[in-house]
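Single-structure report; data block below.
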Amino acid sequence: PAPVKPPDGGWGWIVLFGCFVITGFSYAFPKAVSVYFKELMKDFHVGYSDTAWISSIMLAMLYGTGPVCSIMVNQFGCRPVMLIGGLLASAGMILASFTTNIIELYLTAGVLTGLGMALNFQPSLIMLGAYFDKRRPLANGLAAAGSPVFLSALSPLGQVLMEKFGWRGGFLIMGGLLLNCCTCGAVMRPLDAGMKRKMEKTQDKYEAKEMLPIGGKSEEGISTADGNKKAKKAKKKPKKGKKLLDFSIFSNRGFIIYTISKFILVLGLFVPPILLVNYAKDTGVPDTEAAFLLSIIGFIDIFARPACGMVAGLKWVRPHVSYLFSFAMLFNGMTDICSARASNYTGLVIFCVFFGISYGMVGALQFEVLMAIVGSQKFSSAIGLVLLIEAFAVLIGPPSAGRLVDALKNYEVIFYLAGSEVVLSALFLAVATYCCLNRGKKQDP
């Protein structure tokens with residue numbers, strides 16, 4: 001069937017709110033769980049690296065199960081997949097509260113909750129792309145703001161729950177909170193349903209005309225109603241098998257360029273915020289002030305994402321959104337490189353402000369650029385494949401940076417390396433887009 005025109009508002013704002021909540025849970029939850037690690041280490045007599053695997057498995061499931069989510073969405077639709085995902089995410093945390101060893105925690109809080117959040121995250125972005133077109137950059141920016149907002153809320157909440165109810169009670173309540181993903185899934189109304197209702201309303205009008213003695217007009221009503229029925233029957237006949245995963249997107253040069261640049265980006269993007277607190281402590285900053293640095297990044301990030309979405313939606317900016325994304329990555333990489341030698345707390349605070357702005361810009365634009373490249377029809381397959389490729393980069397980047405820190409005992413080199421990777425991804429995207437895509441467009445006519 002022909003794609004339905006995005007309404008750019010109306011029920012789309014409810015869909016946007018649902019996407020905001022799910023993006024918040026998906027990105028913030030694996031980080032917020034780290035509040036419970038000390039208690040888990042005491043109860044299960046394990047080290048920090050053992051407990052850190054819980055967050056790593058969650059993130060690996062979020063990224064690595066991309067193609068599985070795409071296949072399920074293409075087969076069953078977004079709403080059923082999201083409802084199942086919400087139940088799995090909640091069940092994982094509830095079962096985790098009854099575990100007796102760390103392996104059981106990996107399977108419940110890690111695998112089950114991670115899979116549940118993955119089944120929510122991807123379909124919510126697909127629905128956002130279906131409901132918004134003209135206002136899509138702003139919608140993506142607002143939805144992306146869910147990540148820093150939820151991170152700033154879930155971490156203190158987790159601390160309060162652990163103090164009052166212990167880690168088991170905290171996991172149980174967190175599992176209850178994740179049931180909100182089911183509510184968000186329930187509001188993801190497919191656009192096709194709205195079109196069917198409109199068709200039914202027009203049919204009702206024709207039936208009413210048929211009952212009234214208007215002569216020729218009633219005959220016209222009958223003929224158009226019959227025509228509608230015939231058209232419906234004709235539409236029903238040719239049923240083609242659905243593509244569960246559309247690999248034809250690899251023939252799109254823009255998609256290949258985006259995927260390669262995103263892989264290089266993810267290798268270095270998450271390294272500075274992961275190492276920042278330990279870096280600050282090693283330079284002599286007190287523990288509480290070092291932890292506050294991440295709060296500065298989160299606070300700036302909250303405002304940077306919607307603001308960047310608004311800028312990307314401007315008429316003269318939107319056709320060149322891939323170049324804006326390249327600038328955001330370049331800004332982020334240069335921030336890492338320039339701040340590698342920051343030796344005092346003031347320098348680190350300045351780094352956090354600029355890193356928060358650039359990190360927010362990257363977060364707001366990453367899916368907007370992908371939607372612009374592949375279109376809403378192929379987005380479900382594209383995002384699944386991109387997330388799978390990113391999963392390898394996530395598993396390579398931060399752990400290898402941690403090993404280099406242990407070997408070299410020098411954070412400066414790591415900041416230079418991470419910044420260089422991000423700058424390289426920015427330059428690759430900008431140059432390849434200009435050379436391969438824009439020149440190709442000029443030559444085609």
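The values are calculated or read from the model by the stated rules, or taken from the named source; none is laboratory data. Note that the structure is a prediction, hence the values are computed from the model and not measured. Reconstructed Cβ throughout: ideal geometry from the backbone, glycine too, with neighbour counts over all protein chains shown. Just the protein is used for accessible areas: all its heavy atoms, side chains included, with ligands, DNA and RNA removed. Shrake-Rupley method; radii C 1.70, N 1.55, O 1.52, S 1.80 Å.
Assign one of three labels to region 70-115, namely rounded, prolate or oblate, based on the Cα gyration tensor with a ≥ b ≥ c the square roots of its eigenvalues; rounded applies when a/c is under 1.5, prolate when it is not and a/b is larger than b/c, and oblate otherwise.
Details: a/c = 5.53, a/b = 2.57, b/c = 2.15.
The shape class here is prolate.
Exceeding 23 Å between C-alpha atoms, which entries from my cross-link table qualify? They are Lys31/Lys281; Lys31/Lys164; Lys38/Lys281; Lys164/Lys281.
Details: Lys31/Lys281 20 Å; Lys31/Lys164 20 Å; Lys38/Lys281 19 Å; Lys164/Lys281 29 Å.
Violating the 23 Å limit, Cα to Cα: Lys164/Lys281.
Across the accessible surface of region 1-117, with the other protein chains kept in place and a 1.4 Å probe, carbon and sulfur atoms take up 73 percent.
Over what distance in Å are the Cα centres of region 1-79 and region 367-440 separated? With region 1-79 and region 367-440 each reduced to a Cα centre, they are spaced 20 Å.
Go through region 8-79 and name the chymotrypsin sites (Phe, Trp or Tyr not before Pro) that are in a DSSP coil and have 16 or fewer other Cβ atoms within 10 Å of their Cβ. It would help to have the intermediate numbers written out before the result.
Values: sites: Trp11, Trp13, Phe17, Phe20, Phe25, Tyr27, Tyr36, Phe37, Phe44, Tyr48, Trp53, Tyr63, Phe76; in loops: Trp11.
Those that pass, being in a loop and sparsely packed, are Trp11.
Distance between the modelled labels on Glu39 and Asp133, one decimal in nanometres: 5.0 nm (7 Å Cα→Cβ projection). The magnitude of the dipole of region 8-210, with charges of +1 and -1 set on the Cβ of Lys/Arg and Asp/Glu and taken from the Cα centre, is near 460 debye. Rolling a 1.4 Å probe across all protein chains gives His320 an accessible area of roughly 100 Å². Distance between the C-alpha centres of region 134-152 and region 280-312: 16 Å, rounded to the whole angstrom.
Within region 97-198, the trypsin sites (Lys or Arg not before Pro) that combine a DSSP coil assignment with at most 13 other C-beta atoms in a 10 angstrom radius are Lys134.
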